[in-house]
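The structure appears right after this line, and notes come after that.
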Amino acid sequence: MKHLKYKGYLGTVEPDFENNVLYGKLAFIRDLVTYEASTLAELDRSLKHLLICIYSLVWRMERNLIPV
């Protein structure tokens, strides 16, 4: 597996052997959005949680529920 996938987004999977963690970033977007975890399953959950939070934030901003 080279990428994690969720709701049409791709996220990279990179090992950091020095710190014994996995990390990744959302691929093919303009901003730098990263996530990390200890296992591949946790990294997948981390990516999903990150995107759910982003969707929620954008939804609230579009409805003027939080200031921009």
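No value in this document is a laboratory result; all are computed from the given coordinates. In this text, all values refer to a predicted model and were calculated from it rather than measured experimentally. In this analysis, Cβ positions are derived from the backbone assuming ideal geometry, glycine residues included, and neighbour counts consider all displayed protein chains.
Which members of the range 19-47 meet the condition of being under 15 Å from Lys7 (Cβ atoms) and of a type in the set (D, E, K, R)?
If the condition is that a residue be under 15 Å from Lys7 (Cβ atoms) and of a type in the set (D, E, K, R), then Asp44, Arg45 are the ones that fit.
Mind checking which strands (runs of 3 or more DSSP E) fall wholly inside the chain and carry at least 3 residues that are under 14 Å from the mean Cα position of the chain (by Cα)?
Those strands (runs of 3 or more DSSP E) span 3-6, 9-12, 21-25, 34-37.
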